[in-house]
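Data first, discussion second: the structure below is written as structure tokens.
The values are calculated or read from the model by the stated rules, or taken from the named source; none is laboratory data. Please read these numbers as outputs of a predicted model, since none were measured by experiment. Cβ atoms come from the backbone with ideal geometry, glycine included; neighbour counts cover every protein chain shown. We work out accessible area using only protein heavy atoms, side chains counted, and drop any ligands, DNA or RNA first. Shrake-Rupley method; radii C 1.70, N 1.55, O 1.52, S 1.80 Å.
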Amino acid sequence: MASRQFHQGGLRVLRPHYLDDSGQVCYVIVNPGGAYLGADLYVIDVEVGSGAKLLLTTQSAMKIYRTPGSFAEQRMTLRLGEGAQLELAPDQLIAYREASYRQNTHITVRPSSSLMMAEVVTPGWSPDGSSFRYEELRLRNEIHVDTGAGTELLALDNLLVRPPLDDVTGMGFMEGFSHLGSLIVVDPRVDQALADELHAVTQDHDAFTGISLTQSVAGTTGLIVRSLANSTEGLARLLGACTALLRHNWNGQDRLNLRKH
């Protein structure tokens, strides 16, 4: 359970609960307003202490509506102690017509920390039925390893989608798909064999998927799964299968079931 918890403004944090007997505590972030609007700024700061286990999720999809005048923004800072485990499993991000959104996530792990962070980006409804009517999405993940003698950059994952300025539908970008899924894993047990195992898992799903490994820093390594598909449900199943493998092999846990519906 949290040693300290605080919220104000547009976001709320529900009381903690446990989904199994692994000791992993689950917190749910709620946006009572229902959506992000122009000039909104949301700041989330999470520290997972040494040996602690946290599952952080959201109550519903993150909706970005029209943002005339200025973009909506979320800044998240995550810090993991020695042996800490963090599983970040938000509902999908939906960008609607004329939406501009920036998301900056700064993560600091220790060499023995374990991080799993999944995300699905989907276009919202538009009158003409087009998938890419939003203005801009900027999603930036910066991951550092605290070695004890300082911090070293492990990975910088920067995604920029600007449909009005670029053709995002074709080769080298969305490849004809409309939905994007990502899974970032950082753990000392990450290696090529794990990447190959996850690749085999993704082959059973109707999606275009690639897997990359980062460099190793102080004995820990990052892995990024990126998938393209045409539905939120398809990507959720794919990413869920990947995290299910990790949860079972590393922690002896069952597949994640948040029971929101």
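Please figure out what share of the DSSP beta bridges in the range 1-137 is antiparallel and state it in percent, rounded to the nearest 5.
On the way: 4 of 43 bridges.
Among the beta bridges of the range 1-137, antiparallel pairing accounts for roughly 10 percent.
Taking every DSSP beta bridge that has both residues in the chain, what percent is antiparallel when rounded to the nearest 5?
Percentage antiparallel, nearest 5: 45.
Working with all protein chains in place, sort Thr147, Thr243 by solvent-accessible area computed with a 1.4 Å probe, largest first. All intermediate terms of the calculation are to be shown ahead of the outcome.
Values: Thr147 50, Thr243 15 Å².
Most to least solvent-accessible, the answer reads Thr147, Thr243.
What percentage of the solvent-accessible surface of the chain, computed with a 1.4 Å probe over protein heavy atoms, is contributed by carbon and sulfur atoms?
Values: 6190 of 12840 Å².
After summing per-atom areas, the C and S share lands at 48 percent.
Can you tell which of Gly240, Phe208, Gly34 lies farthest toward the positive end of the dipole of the chain, using +1 and -1 charges on the Cβ of basic and acidic side chains (Lys, Arg; Asp, Glu)?
Checking the options against the dipole of the chain, the answer is Gly34.
Which longest run of the chain has no exposed loop site in it, a site being trypsin sites (Lys or Arg not before Pro) in a DSSP loop with at most 11 other beta carbons within 10 Å, and the site itself not part of the run?
Numbers: sites that count: Arg4, Arg255, Arg259, Lys260.
Longest gap between qualifying sites, sites excluded: 5-254.
In the set (i) 17.9, 55; (ii) 19.6, 60; (iii) 20.0, 64, which value of Rg and Dmax of the Cα atoms in Å was calculated from the structure you see?
Checked against the structure: label (i).
Which value, in Å², gives the accessible area per residue of the range 116-242 when a 1.4 Å probe is used on the protein heavy atoms?
On the way: 5900 Å² over 127 residues.
That works out to 46 Å² for each residue.
Solvent-accessible area of Leu165, probe 1.4 Å, all protein chains present, reported in Å² to the nearest ten, please.
Near enough 130 Å² of accessible area.
Go ahead and estimate [θ] at 222 nm for the chain from helices alone: -39,500 (n - 2.57) per DSSP H run with n ≥ 4, summed, over the residue count, rounded to 500. Don't skip to the end; give the middle numbers.
Working: 2 runs with 26 residues, N = 261.
For the chain, the value works out to -3000 deg cm²/dmol.
Scan around Ser130 for amide H atoms under 5 Å from its own, H built in the peptide plane at 1.01 Å from N, and keep only partners 5 or more places away or cross-chain.
For Ser130, whose amide H was placed from the backbone, there are no distant partners under 5 Å.
Computed FRET efficiency, Cβ-Cβ of Asn230 and Trp125, R0 25 Å: what is it to the nearest 0.05?
Numbers: r = 15 Å, r/R0 = 0.60.
The pair Asn230/Trp125 has a calculated efficiency of 0.95.
Rg(Cα) of the range 109-261 divided by 2.2 N^0.38 Å? Write down the numbers at each step before the final one.
Values: Rg = 16.7 Å, N = 153, 2.2 N^0.38 = 14.9 Å.
Ratio of Cα Rg to 2.2 N^0.38 Å: 1.13.
Using θ = phi - 60° and the Karplus form 6.51 cos²θ - 1.76 cosθ + 1.60, what ³J(HN,Hα) does each residue of the range 133-138 get, whole Hz, x for Gly and Pro?
For the range 133-138, the Karplus-derived couplings read 9, 6, 7, 6, 10, 10 Hz, x marking Gly and Pro.
Would you please classify the overall shape of the range 196-261 from the alpha carbon gyration tensor, given that a ≥ b ≥ c denote the square roots of the eigenvalues, rounded means a/c under 1.5, and beyond that prolate means a/b larger than b/c while oblate covers the rest?
Taking the square roots of the gyration eigenvalues as a ≥ b ≥ c, the range 196-261 is oblate.
Using θ = phi - 60° and the Karplus relation 6.51 cos²θ - 1.76 cosθ + 1.60, list the HN-Hα couplings for the range 193-199 in order, rounded to whole Hz, with x at every Gly or Pro.
4, 5, 4, 5, 5, 5, 4
With the Cα gyration tensor of the range 10-137 giving a ≥ b ≥ c as the square roots of its eigenvalues, does the rule (a/c under 1.5 for rounded; else a/b larger than b/c for prolate; else oblate) give rounded, prolate or oblate? Don't skip to the end; give the middle numbers.
Working: a/c = 2.33, a/b = 2.06, b/c = 1.13.
Since a/c reaches 1.5 and a/b is larger than b/c, the shape of the range 10-137 is classed as prolate.
What share of the DSSP beta bridges in the range 70-176 is antiparallel, in percent to the nearest 5? Write out the running numbers ahead of the final one.
Details: 10 of 35 bridges.
Roughly 30 percent of the DSSP beta bridges within the range 70-176 come out antiparallel.
Could you give me the ³J(HN,Hα) list for the range 226-240, computed from phi with Karplus coefficients 6.51, -1.76, 1.60 and θ = phi - 60°, whole Hz, x at Gly and Pro?
Taking θ as phi minus 60°, the curve returns 10, 10, 10, 7, 10, 7, 5, 4, x, 5, 4, 5, 5, 5, x Hz for the range 226-240.
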